[in-house]
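Have a look at the structure below before the remarks.
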2 protein chains.
Amino acid sequence: MTFEKERSAGFLANHMARLFANGLQQRIRPLGLAPAQFMTLLALWEEDGLTQRELVQRLSVEQATMANTLIRMERDGLIERRSHPEDGRSQSIHLTAKAVGLREPATQAARAQNEAALADLSEDERMLFLGLMRRAIASMQAG
Amino acid sequence: MTFEKERSAGFLANHMARLFANGLQQRIRPLGLAPAQFMTLLALWEEDGLTQRELVQRLSVEQATMANTLIRMERDGLIERRSHPEDGRSQSIHLTAKAVGLREPATQAARAQNEAALADLSEDERMLFLGLMRRAIASMQAG
DNA sequence: ACTAGTTGAATAGCATGCTATGCAATGATA
DNA sequence: TATCATTGCATAGCATGCTATTCAACTAGT
């Protein structure tokens, strides 16, 4: 029974995501950021002071993954942790001035990468593409 | 300037690819396979005896990545290396009987995962989706 | 044939992700 | 309130990927 990888949604999704990540990495490396750090900053730029648990929910990664990303971000001076006043187990994650200052150049880099990926698509096709990805994500989350 | 991750092709692609990989992993774990091993087997089932360099080209991963995947596959009894008769630097990678026997159940698992992801899409939408992913891949490879 | 450049792999080092555990702080309940 | 379950994080261990480096084997040009 044939199984052609070029016709497999999973294979294409994997390849596409690696190209996105590599492209973004090239663009944000000069800023001292890595892709997962950028993704985490997106959530914190939107709302500072989230707990690790809230970050996990918003970015859909496992808790252990987020814990490790936060360790590297703290090491790189992007965040600092403050003890949570109401729950001794958790901490709130706060952006440093450095991280706040990276918002514009970093999001600009991400926009440029998205533009490079979708350069060949019309505006309608782009909307369609995003919608299809969302539906695939929803199906997998449901299953 | 706002940058909403849910409207970012890169963010969605990353999330979707992780869900694909996680789903596939669940399905092929009983077979003793990991996602990258499966991807490599896809190429070798199609043509046995490829060199590491040829695998790298067909799967679009870096040489170092493939080298490490092959080490794990050899450890797991999926492949064996034979010295190349014409080039002392390279080896040809050959499937073991075990790996050959995994073809049907493994590709079936991958089909099931693709089906789960695309369950909500019509046949036309699926074709459209694959085409859009290929075009995004092509754009990023070109840029 | 020699030297110089190229090419195929291995290895080191690190970022992301995941599963599985362990632990301490909270909560809920008998 | 003493106990048990839940919850928030940290850590260990491993798979994938990438870049950078190194080395040996092959090629080409002189």
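Go through the stretch B:81-108 and count every residue that is more than 12 Å from DNA strand C (Cβ to nearest atom) and either charged (D, E, K, R) or in contact with a Cys (Cβ under 7 Å, 6 or more places away or on another chain) (or both). Give the steps one after another, and end with the answer.
To start, the set of residues in the stretch B:81-108 that are more than 12 Å from DNA strand C (Cβ to nearest atom) comprises B:85, B:94-108.
With the extra rule that they be either charged (D, E, K, R) or in contact with a Cys (Cβ under 7 Å, 6 or more places away or on another chain) (or both), the set shrinks to B:98, B:103-104.
Total satisfying the criteria: 3.
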**Fill in**
Log entry, pairs with first residue in the stretch A:44-61 being open to solvent by 80 Å² or more (accessible area, probe 1.4 Å), second being assigned to a helix (DSSP H, G or I), beta carbons closer than 8 Å, six or more apart or on different chains, reads A:ARG53/A:GLN63; A:ARG58/A:ALA43
**Asked** Would the stretch A:12-34 turn up any residue that is touching a His at 6+ places or on another chain (Cβ under 8 Å) and open to solvent by less than 20 Å² (accessible area, probe 1.4 Å)?
**Response** no
**Message:** Can you find, within the stretch A:58-75, the residue that is farthest from DNA strand D (Cβ to nearest atom) among those that are under 20 Å from A:GLU46 (Cβ atoms) and within 14 Å of chain B (Cβ to nearest Cβ)?
**Reply:** A:SER60
**Prompt:** Which members of the stretch B:93-143 meet the condition of being more than 7 Å from chain A (Cβ to nearest Cβ), open to solvent by 80 Å² or more (accessible area, probe 1.4 Å), modelled with pLDDT of 95 or more and more than 24 Å from B:THR51 (Cβ to Cβ)?
**Reply:** B:GLN108, B:GLU115, B:GLU123, B:ASP124, B:MET127
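Quick check, is A:ARG111 without any contact (Cβ under 8 Å) to a residue 40 or more places away in the chain, assigned to a helix (DSSP H, G or I), among the charged types (D, E, K, R) and over 24 Å from A:ARG27 (Cα atoms)? Steps first, answer last, please.
Working: without any contact (Cβ under 8 Å) to a residue 40 or more places away in the chain: yes; assigned to a helix (DSSP H, G or I): yes; among the charged types (D, E, K, R): yes; over 24 Å from A:ARG27 (Cα atoms): no.
In short, no.
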**Exclusive hit being free of Cβ contacts under 8 Å to residues at least 40 places away in the same chain, under 20 Å from B:GLY10 (Cβ atoms) and within 11 Å of DNA strand D (Cβ to nearest atom), set A:PRO30, A:PRO35** = A:PRO35
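Can you pull out every residue in the stretch A:25-39 that is more than 13 Å from the chain's Cα centre (by Cα) and either in a helix (DSSP H, G or I) or within 11 Å of chain B (Cβ to nearest Cβ) (or both)? It would help to see each step written out before you state the result.
Start the filter on the stretch A:25-39 by keeping residues that are more than 13 Å from the chain's Cα centre (by Cα), which leaves A:26-27, A:29-32.
Those that are more than 13 Å from the chain's Cα centre (by Cα) and either in a helix (DSSP H, G or I) or within 11 Å of chain B (Cβ to nearest Cβ) (or both): A:GLN26, A:ARG27, A:ARG29, A:PRO30, A:LEU31.
Suppose the filter is away from every other protein chain (no Cβ under 14 Å), open to solvent by less than 10 Å² (accessible area, probe 1.4 Å) and within 12 Å of DNA strand C (Cβ to nearest atom); does A:LEU78 pass it?
Values: away from every other protein chain (no Cβ under 14 Å): yes; open to solvent by less than 10 Å² (accessible area, probe 1.4 Å): yes; within 12 Å of DNA strand C (Cβ to nearest atom): yes.
It is true that A:LEU78 is away from every other protein chain (no Cβ under 14 Å), open to solvent by less than 10 Å² (accessible area, probe 1.4 Å) and within 12 Å of DNA strand C (Cβ to nearest atom).
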**Message:** Under 6 Å between Cβ atoms, which residue pairs at least 6 apart in sequence (or on different chains) link something in the stretch A:68-84 that is within 20 Å of A:GLY101 (Cβ to Cβ) with a partner that is of a type outside the set (A, V, I, L, M, F, W, C) and near DNA strand D (Cβ under 7 Å from one of its atoms)?
**Reply:** A:ARG81/A:GLN91
**Request:** Give the residue that is nearest to A:MET16 (Cα to Cα), with candidates limited to residues of the stretch B:61-88 that are at pLDDT 95 or above, out of contact with any helix residue (DSSP H, G or I) (no Cβ under 6 Å at 6 or more places or on another chain) and outside any helix (DSSP H, G or I).
**Result:** B:VAL61
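The values are calculated or read from the model by the stated rules, or taken from the named source; none is laboratory data. Only a predicted model underlies this, so the values are computations on that prediction, with no experimental measurement involved. All Cβ positions, even for glycine, are placed from backbone atoms using ideal geometry, and neighbour counts span all protein chains on display. Keep in mind that these areas ignore ligands, DNA and RNA; they rest on the heavy atoms of the full protein, side chains included. Shrake-Rupley method; radii C 1.70, N 1.55, O 1.52, S 1.80 Å.
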